[in-house]
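The values are calculated or read from the model by the stated rules, or taken from the named source; none is laboratory data. All figures in this text were calculated on a predicted structure; none of them were measured in a lab. In this analysis, Cβ positions are derived from the backbone assuming ideal geometry, glycine residues included, and neighbour counts consider all displayed protein chains. Ligands, DNA and RNA are excluded from the accessible area calculation, which covers all protein heavy atoms including side chains. Shrake-Rupley method; radii C 1.70, N 1.55, O 1.52, S 1.80 Å.
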Amino acid sequence: MKFTPLKHIPSAFIAFVFIQSLFFKFSGSYETEYIFSTLGTWSGLEWFSTYGSYLIGLAELTASILLFSRLHGLGAVLSVGIMTGAITFHLFTPLGILMPEFNMAGEVIGNDGGLLFGMACIVWSCGLFLSIRDIRTPGTFTNNLLTKRA
């Protein structure tokens with residue numbers, strides 16, 4: 001596979017953000033518990049408090065893998081979908097933009113200054129760029145799918 005900066009740098013950034021977040025989502029960190037319990041309580045879907053982090057983590061892992069395959073465009077579209085949900089939840093639920101930071105004992109020691117929200121916006125932008133690029137590039141899976149050649 002030939003290195004294409006406009007394709008691979010945003011893809012690597014998205015994958016880096018998604019994969020490093022898996023450690024939090026799959027380990028039941030205080031941050032993850034806070035986010036998903038807040039959303040589970042707010043939505044009335046208590047199962048989301050317990051299983052939401054695994055569901056989102058698997059979607060992020062899938063997108064990360066797809067970004068480096070011939071299905072690159074689907075990974076980009078999936079990234080946009082995941083981050084659209086994240087941004088929406090930050091803006092329109094009790095979650096908010098500033099996420100609490102926890103110490104090792106699980107006590108709130110401050111906030112992240114909006115870092116998590118900012119990263120979601122950057123990943124969303126990268127995913128949108130890659131999606132549009134892939135749709136417009138003849139011969140890609142996404143282009144072929146949308147022009148009925150897949």
Legend entry - Inter-probe distance in nm under a simple model that places probes 7 Å from Cα toward Cβ, at E101 and Y34: 1.1 nm
Legend entry - Dipole in debye (nearest 20) - the chain, about Cα centre, beta carbon charges: Lys, Arg +1; Asp, Glu -1: 1120 debye
Inset, instruction - May I ask you to order 8-14, 108-114, 76-82 by the average number of other C-beta atoms within 10 Å around their residues, highest value first? - result: 76-82, 8-14, 108-114
Inset, instruction - Calculate what fraction, in whole %, of the accessible area of the stretch 1-103 sits on carbon and sulfur atoms when a 1.4 Å probe is rolled over the protein chains. - result: 73 percent
Inset, instruction - Using θ = phi - 60° and the Karplus relation 6.51 cos²θ - 1.76 cosθ + 1.60, list the HN-Hα couplings for the stretch 42-56 in order, rounded to whole Hz, with x at every Gly or Pro. - result: 4, 7, x, 9, 4, 4, 5, 4, 8, 10, x, 5, 5, 4, 5
Inset, instruction - Mind checking the per residue accessible area of the stretch 10-150 for me, 1.4 Å probe, whole number of Å²? - result: 55 Å²
Inset, instruction - Between beta-carbons, use under 10 Å as the cut-off and find the net charge around P100, counting Lys and Arg +1, Asp and Glu -1. - result: -4
Inset, instruction - Note the angle between two axes, namely the Cα long axis of helix 115-136 and the longest principal axis of the Cα atoms of the chain, as a number of degrees from 0 to 90, rounded to the nearest 10. - result: 20 degrees
Legend entry - Other-chain or far-sequence residues with amide H under 5 Å of F102's (modelled H): I109
Legend entry - Partner lysines for K148 [C-alpha distance under 27 Å; skip if fewer than 8 residues away on the same chain]: K2, K7
Inset, instruction - Considering the options L22, T93, T137, tell which one lies farthest towards the positive end of the dipole of the chain, charges being +1 on Lys and Arg and -1 on Asp and Glu at the Cβ, about the Cα centre. - result: T137
Inset, instruction - Counting residues in the chain as N, plug N into 2.2 N^0.38 Å and put the Cα Rg over that result. - result: 1.13
Legend entry - Computed [θ] at 222 nm, deg cm²/dmol, the chain (DSSP H ≥ 4; -39,500 (n - 2.57); rounded to nearest 500): -24000 deg cm²/dmol
Inset, instruction - Could you tell me how many degrees, from 0 to 90 and to the nearest 10, lie between the Cα long axis of helix 5-27 and the main elongation axis, the longest principal axis, of the Cα atoms of the chain? - result: 30 degrees
